[in-house]
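First up is the structure itself, then whatever we jot down about it.
Read the figures in this text as sums done on the coordinates, not as results from a lab. Note that the structure is a prediction, hence the values are computed from the model and not measured. Here the Cβ positions follow ideal geometry from the backbone for every residue, glycine too, while neighbour counts run over all protein chains shown.
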């Protein structure tokens with residue numbers, strides 16, 4: 001297989017609608033869309049018999065399917081050929097203090113787009129949102145995957161307290177946190193010194209980490225602090241900036 005062939009298999013076809021389904025996918029299978037999906041496809045996109053769609057479930061790769069029947073409440077598709085095999089899930093762990101709802105939705109979507117393989121909510125001293133809907137996090141992750149050609153849906157872990165996160169951390173995974181009090185402004189030299197392949201990013205809450213939390217982080221051998229430039233960033237902005245710089249410097253953009 002040539003490099004061009006491998007690249008083609010990695011890329012989604014954005015000319016055809018994509019849909020996440022929970023059922024098994026294989027050639028010849030009949031797949032029924034859920035009620036909300038059927039409503040959107042039939043009444044918004046005006047799909048009819050014979051129209052094509054790309055189906056994926058996070059396990060069996062991506063498949064081309066054809067709309068076989070249409071009713072007001074449910075659409076059924078016949079699965080045809082496989083378009084892309086299922087890739088290995090991303091290994092990057094994204095740890096974040098939950099934000100207010102709209103910004104949390106944005107944060108989760110961008111983390112999925114940027115290649116996070118696991119989403120870990122972390123309850124810190126200044127965390128404002130302690131009640132988190134796992135169903136809503138999952139819905140946002142799936143929406144981002146549908147829109148961006150992603151096949152692997154990240155695992156969403158139960159929220160964990162900051163102290164427990166550090167106490168139970170696997171020391172062979174480097175935890176990178178964004179320290180607004182870092183003595184430098186450029187994260188690239190710091191990232192270049194990291195030798196581990198297994199990585200995680202920790203983003204703090206809107207009020208930042210407390211002094212005690214920063215002290216705890218600096219005291220852990222598996223933690224690396226990085227700056228994010230000369231300006232103070234909002235938590236959701238810092239999330240995207242940190243993911244981009246880590247993926248570009250030492251992550252899967254290389």
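Structure data summary
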{"read-out": "Stokes-Einstein D (µm²/s) once Rh is taken as the Kirkwood radius of the stretch 33-178 over alpha-carbon pairs, at 25 °C in 0.890 mPa s", "value": "142 µm²/s"}
{"read-out": "All Cα pairs of the chain, percent lying beyond 25 Å", "value": "49 percent"}
{"read-out": "Principal-axis tilt of helix 101-113 within the chain, Cα atoms, nearest 10 degrees", "value": "80 degrees"}
{"read-out": "Using a Förster distance of 30 Å, the FRET efficiency for residue 215-residue 100 (Cβ separation, nearest 0.05)", "value": "0.65"}
{"read-out": "Degrees, to the nearest 10: 134-148 long Cα axis against longest axis of the chain", "value": "70 degrees"}
{"read-out": "Whole-Å semi-axes of the ellipsoid equivalent to the stretch 25-119 (Cα gyration tensor, √5λ, descending)", "value": "30, 19, 9"}
{"read-out": "Sorted by Cβ density within 10 Å, fewest first, the residues 222, 96", "value": "222, 96"}
{"read-out": "Rough spin-label spacing in nm, given labels placed 7 Å along Cα→Cβ, for residue 231 and residue 138", "value": "3.8 nm"}
{"read-out": "Distant alpha-carbon pairs in the stretch 42-94 (separation over 17 angstrom), percent", "value": "47 percent"}
{"read-out": "Max mean-square fluctuation residue, GNM over the chain, Cα-Cα springs under 10 Å, options 149, 61, 48", "value": "48"}
{"read-out": "Bridge type composition, the chain - antiparallel percent by DSSP, nearest 5", "value": "40 percent"}
{"read-out": "Label-point separation in nm, residue 68 to residue 244, each point 7 Å along Cα→Cβ", "value": "4.5 nm"}
{"read-out": "Rg/Rh ratio calculated on Cα atoms of the stretch 72-124 (Kirkwood radius)", "value": "1.18"}
{"read-out": "Listed residues 207, 219, 80, most fluctuating in the chain (Gaussian network, C-alpha, under 10 Å)", "value": "219"}
{"read-out": "Folded to 0 to 90 degrees: helix 235-249 orientation relative to the chain principal axis, Cα", "value": "90 degrees"}
{"read-out": "Estimated 222 nm signal from helices in the chain, with DSSP H stretches of n ≥ 4 weighted -39500 (n - 2.57), rounded to 500", "value": "-8500 deg cm²/dmol"}
{"read-out": "Spacing of the two label points (7 Å from each Cα toward its C-beta) at residue 157 and residue 173, in nm", "value": "0.5 nm"}
